[in-house]
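Presented below is the structure to which this report refers.
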Amino acid sequence: MESTGPIRAAVPFGTGSVSLRIYPHDGLDASGVAAEAIGQAVLAATHGFDGVMTSEHHGGFAGYLPNPLQVAGWMLDRMPSGWAAAAPVLLPLRPVALLAEEVAWLAALHPGRVGIGVAIGGLELDFRVMGLDFAARTAGFRVALPRLTALLRGAELGELAGDRALFECAARPVPVVGAAMSPGAVRRAAQAGAGILFDGGSEAARLRELTDRYLDAGGVGPRVLIRRVWLGDPPREAFERQLHVYRGYSPAAALRHWRGTGFVCHSDATALADELAALRAEIGATCLNLRIHVPGISAEAAREQIAALGREVLPRLRTADTCQRTRAPDTGAGTGTGTGTQAEAARRAGVDPPGAADARAVPGAADTRPGCDPAPGDDTNTQGVQR
């Protein structure tokens, strides 16, 4: 298998990381679906993606699997490096202590390579097949999210104190992000000590507002931006079909903020990288999670996209990211963490102050690159999106 070199060292949801969402393909039997998903994770790792994510629906809902955490474990067993996260898992479908134990033990086997994302859930089928009350999901999520984040940092273990994997989370916490697409949801995540995971279709202005609400509420976790991308001539009919499916069960409040199909498509790799970098900066996200899969796209086409993005887009995107970091506001000298309004400005621009816990260790890399060209727009790291 062709490789473009070692994957960048990054913790799950690490600042500046670029990960790939992986979904099952139509037209394969169950063993074929599993094998293809694992193969694409390996392909992503060997082509420069920092990590991979999987997500959850039940009852054979097209393009999803019911067991994202298990699938993430399969992927980690085969990936040469990089991280994996089930993100999002539908938290109200399972006891929070059970999920925490399963995540912690996977992290014990793959230390530093496991993350977890959770969501309330919006598809009634997922709850009906489990015999659970769909209407009760929000109340349960509010209680479960802070409990999960506490357990996965080895705190408030109570009767779980004898669990060795959870106990070890005190030294090696597992990062948690919550799907958050409303002011209340981002405040809840901030108060729970979780990061936030944005959907793939909402407009930048709305996500910027939610980022600011999260920061105002004291949020310090990762801010993960999902974007659907395609390099080359896109399969627009497949995109439109998937958009129609999502519109069928997404709440009206979320639909008001969607833009088109949500896909960022360019035939030119530089243009694609520039738009993604500009979006990340405009929204104040700390990392990117890219999606190419929708039902109707073949496994072969997905593999071609993964390899092309790794070869042509990721190097340009990382250069743009480094240049944006060079232009970020001064975060303070001497303390290593930044102070006052300077540090806050850096965080709002999607740039962590020096010394942040999720800083990447990249051999030979530096945060300043002589010769970086100014980004389009201005020098405030909030330039507009290239349409």
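Numerical summary
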{"item": "Qualifying residue in the range 109-123 (condition: closer than 25 Å to VAL52 by Cβ, surrounded by fewer than 17 Cβ atoms within 10 Å (Cβ to Cβ) and among the aliphatic types (A, V, I, L, M))", "result": "yes"}
{"item": "Some residue of the range 46-58 being of a type in the set (Gly, Ala, Ser), free of Cβ contacts under 8 Å to residues at least 12 places away in the same chain, under 22 Å from PHE127 (Cα atoms) and part of a loop (DSSP other than H, G, I, E, B)", "result": "no"}
{"item": "ASP163 crowded, with 16+ Cβ neighbours inside 10 Å and over 24 Å from the mean Cα position of the chain (by Cα)", "result": "yes"}
{"item": "Some residue of the range 28-48 being in contact with a Leu (Cβ under 7 Å, 6 or more places away or on another chain) and charged (D, E, K, R)", "result": "yes"}
{"item": "Helices (runs of 4 or more DSSP H) contained entirely in the range 71-156, each with at least 2 residues that are basic (Lys, Arg) and out of contact with any strand residue (DSSP E or B) (no Cβ under 9 Å at 6 or more places or on another chain)", "result": "137-151"}
{"item": "Answer residue from the range 201-218, given it is open to solvent by less than 10 Å² (accessible area, probe 1.4 Å) and of a type in the set (A, V, I, L, M, F, W, C) and is nearest to CYS265 (Cα to Cα) among those", "result": "ALA204"}
{"item": "Any chance GLY32 is surrounded by fewer than 18 Cβ atoms within 10 Å (Cβ to Cβ) and either modelled with pLDDT of 95 or more or in contact with a Pro (Cβ under 9 Å, 6 or more places away or on another chain) (or both)", "result": "yes"}
{"item": "Residue count, the range 18-42 (criterion: among the charged types (D, E, K, R), out of contact with any Gly (no Cβ under 9 Å at 6 or more places or on another chain) and either under 27 Å from GLU312 (Cβ atoms) or in a strand (DSSP E or B) (or both))", "result": "1"}
{"item": "PRO66 modelled with pLDDT of 95 or more, more than 17 Å from GLY200 (Cβ to Cβ) and either open to solvent by less than 10 Å² (accessible area, probe 1.4 Å) or under 14 Å from the mean Cα position of the chain (by Cα) (or both)", "result": "no"}
{"item": "Failed condition for THR261, given (1) in contact with a Lys or Arg (Cβ under 8 Å, 6 or more places away or on another chain); (2) modelled with pLDDT of 70 or more; (3) open to solvent by 10 Å² or more (accessible area, probe 1.4 Å); (4) not in a helix (DSSP H, G or I)", "result": "(2)"}
{"item": "Residues (open to solvent by less than 10 Å² (accessible area, probe 1.4 Å) and closer than 21 Å to ARG311 by Cα) located in the range 40-63", "result": "GLN40, ALA41, ALA44, ALA45, HIS47, PHE49, ASP50, GLY51, VAL52, MET53"}
{"item": "Criterion violated by PRO92 - all others in (1) touching a Lys or Arg at 6+ places or on another chain (Cβ under 7 Å); (2) farther than 24 Å from ILE22 by Cβ; (3) of a type outside the set (S, T, N, Q) satisfied", "result": "(2)"}
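For (1) under 23 Å from the mean Cα position of the chain (by Cα); (2) open to solvent by 10 Å² or more (accessible area, probe 1.4 Å), each residue gets a yes or a no:
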position	(1), (2)
LEU132	no, yes
ARG137	yes, yes
PHE141	yes, no
LEU145	yes, no
LEU151	yes, no
GLU159	no, yes
GLU168	no, yes
ARG172	yes, yes
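The values are calculated or read from the model by the stated rules, or taken from the named source; none is laboratory data. Keep in mind the model is a prediction, meaning the values are calculated, not measured. Note that we place each Cβ from the backbone using ideal geometry, even for glycine, and neighbour counts take in every protein chain shown. Only protein heavy atoms, including side chains, enter the accessible area calculation; ligands, DNA and RNA are left aside. Shrake-Rupley method; radii C 1.70, N 1.55, O 1.52, S 1.80 Å.
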